[in-house]
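Structure record follows, encoded as structure tokens.
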Amino acid sequence: MGTVHRPLPDLPDTTDPNAIVVAFASNPAFRAAEWSELTTPGNPYRRPVRPDDLAWVKYHNTMLPEKALRLSALLGHRMLRNIYDLESTLVAPAAGVDTVDQDRADFYSRDNRVRSALARPVLERHLFDFLDEGDAAPATSTADALELVRTTARSLSESSPEAAKLVEKLSGTREAAVFVTMQYHGFVPAVREALGRTGIGEFPRHLDGVQAALLGSYQHWISLRSAYRDLLNAGNLSQTPGGQWQLLLGTSLARGNHLLSLAADPGRLPELVGAAAFSHLAGQRDTDALRPILERGLGAETNFAGFDLGIGWTVDLETFLPEVLDALVTSYGTDAPQGFRRGFVAAQRLHGLWHEDLAAQLSWADQIELHQEYADKVSRYLDDNNIVVDLDTFVESEEETSTTHVHNEHRLVMIEEGQMHFWNNATHKIELFTGDKILIPVSRLHGSTVLSGVCTYHQPIIPDDLLKKII
């Protein structure tokens with residue numbers, strides 16, 4: 001009997017990074033969202049990406065630092081998480097629900113694996129290269145790495161996340177609590193999985209402590225599983241990976257993706273240990289700082305033990321890290337402390353971006369009526385002063401849905417005719433009717449669905465300097 005060879009999928013032009021990304025995003029499981037898919041609690045394989053945007057969102061170069069909250073970052077991190085999750089055991093709560101069986105087949109298909117192998121380095125370069133200090137990075141010894149950790153620990157102890165400063169200002173306490181919980185769900189399990197995955201393998205004796213710490217992080221996560229499920233239940237959220245996919249900030253995906261990228265490249269173990277060390281330092285402070293948002297919105301009876309932004313380490317870094325760095329030097333050479341620094345600093349930068357993004361999203365979502373007033377004010381100013389700005393117009397039919405996204409500039413949404421649901425959270429939808437307007441600041445996550453037979457709306461693009469002048 002002859003051997004049956006399954007053909008490889010049609011491959012894109014492998015010299016064209018953008019064609020590679022477009023081919024990967026064409027997987028049916030990543031198709032644009034439908035009106036009923038704001039959340040997908042029964043389907044961990046349904047991961048809308050907005051593939052149509054890839055006609056103009058490009059990935060052939062490195063993302064600039066100032067664009068880390070823009071659309072290419074959001075879509076890129078969605079795609080990259082889909083690549084890393086190919087190595088995860090994603091289990092649907094039940095078979096036969098909606099399109100779960102077909103989406104599972106598409107997600108884990110051979111074609112998807114081949115295309116993901118091509119797309120991964122393209123996306124990693126675009127999304128992560130800006131984190132590398134390059135020639136600006138100082139030469140780092142073991143002593144330098146330890147001092148960086150001490151300095152950072154002091155800085156964290158003397159500061160508070162921006163989102164925590166909003167606690168007393170937020171009027172939509174449940175909405176804020178649910179949104180924070182969704183972001184937690186979006187990256188912490190990925191971080192723990194990355195650490196646990198790295199700990200699986202044959203380590204030499206001098207790295208036994210590192211392996212134990214990595215495996216211990218995931219074992220600790222398993223011990224939190226019951227409380228974690230209770231926490232999600234309090235917010236009416238699903239444990240299903242990707243169950244709240246459309247509501248995840250790009251920076252939430254990025255924090256998980258960073259650790260997953262290091263876990264996928266065992267040659268970068270010193271970097272992963274550095275990133276883990278920062279996550280350990282920041283985790284307890286962030287847990288304590290953000291927990292009041294959850295307590296105000298989810299109720300005192302909630303099991304908050306399932307909220308832990310750390311990595312489950314109980315080690316004292318002052319005694320643990322000198323031994324670890326010496327062990328890494330033994331196996332990876334004198335560049336190991338430099339790698340540790342690289343991972344530590346990258347995690348620190350993504351942590352800062354996440355807090356900036358989270359605070360801005362919470363603040364905007366909590367002040368929708370104010371941003372409707374801003375939109376009226378901006379519109380009147382443009383009319384009164386005969387100012388012409390770039391403008392996009394859309395004519396959409398009933399149930400046409402805009403998968404959640406961000407804009408690379410400030411925009412107004414102005415309904416000329418029709419009705420739509422506008423959303424930025426899983427808790428509620430905002431009704432917009434003929435004549436309604438809303439200001440969407442740059443990089444704020446949102447989506448919409450048309451409710452009327454047809455809806456015509458305009459999006460004037462407002463330059464930043466003009467917006468500051470008006471409001």
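One table, with the values for the structure above:
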{"read-out": "Exposure proxy ranking, count of Cβ atoms within 10 Å, fewest first, for His371, His206, His446", "value": "His206, His371, His446"}
{"read-out": "The range 229-277-the range 292-309 distance, computed between alpha-carbon centres (Å)", "value": "20"}
{"read-out": "Computed magnitude of the charge dipole of the range 139-365 (debye, nearest 20; Cβ of K, R +1, Cβ of D, E -1)", "value": "420"}
{"read-out": "Residue (of Thr456, Gln367, Asn386) at the positive-pole extreme of the range 345-459, dipole from beta-carbon charges", "value": "Gln367"}
{"read-out": "Ellipticity estimate at 222 nm from DSSP helix runs (n ≥ 4, -39,500 (n - 2.57)) divided over the chain, nearest 500", "value": "-16500 deg cm²/dmol"}
{"read-out": "Cα-centred dipole magnitude for the range 368-470, charges only on beta-carbon of K, R (+1) and D, E (-1), debye, nearest 20", "value": "400"}
{"read-out": "Cα-based convex hull, the chain, per residue volume (Å³, whole number)", "value": "180"}
{"read-out": "Cα centroid separation, the range 324-351 to the range 99-130 (Å)", "value": "28"}
{"read-out": "Burial ordering of Ile200, Ile430, fewest other beta-carbon atoms within 10 Å first", "value": "Ile200, Ile430"}
{"read-out": "Net charge dipole size for the range 17-128 [Lys, Arg +1 and Asp, Glu -1 on Cβ; Debye, nearest 20]", "value": "400"}
{"read-out": "Span-like helix ranges in the chain, DSSP H, alpha carbon extent 18 angstrom or more, Kyte mean at least -0.5", "value": "71-84, 142-157, 173-198, 208-223, 250-263, 269-298, 317-332, 336-365"}
{"read-out": "Partner lysines for Lys429 [C-alpha distance under 20 Å; skip if fewer than 8 residues away on the same chain]", "value": "Lys437"}
{"read-out": "Unit charges at the beta carbon, dipole of the chain: most positive-side option, Gly196, Val97, Gly339", "value": "Gly196"}
{"read-out": "Leading residue at positive end of dipole, the chain (Cβ point charges), from Met414, Leu166, Ala139", "value": "Ala139"}
{"read-out": "Mean separation of Cα contacts under 8 Å (6+ apart) over length of the chain, as relative contact order %", "value": "19"}
{"read-out": "Residue-span extension gain [Glu158 to Lys468] - 0.36 nm each, minus C-alpha spacing", "value": "108.5 nm"}
{"read-out": "By average C-beta atoms within 10 angstrom, highest first, the peptides 376-385, 171-180", "value": "171-180, 376-385"}
{"read-out": "Neighbour-count ranking [beta-carbon atoms within 10 angstrom, fewest first] of Val57, Val324", "value": "Val57, Val324"}
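Bear in mind these aren't lab numbers, they're just calculated from the coordinates by the rules spelled out. Because the structure is a prediction, the values reported are computed rather than measured. Neighbour counts are summed over all protein chains in view; Cβ atoms, including those assigned to glycine, are modelled from backbone coordinates with ideal geometry.
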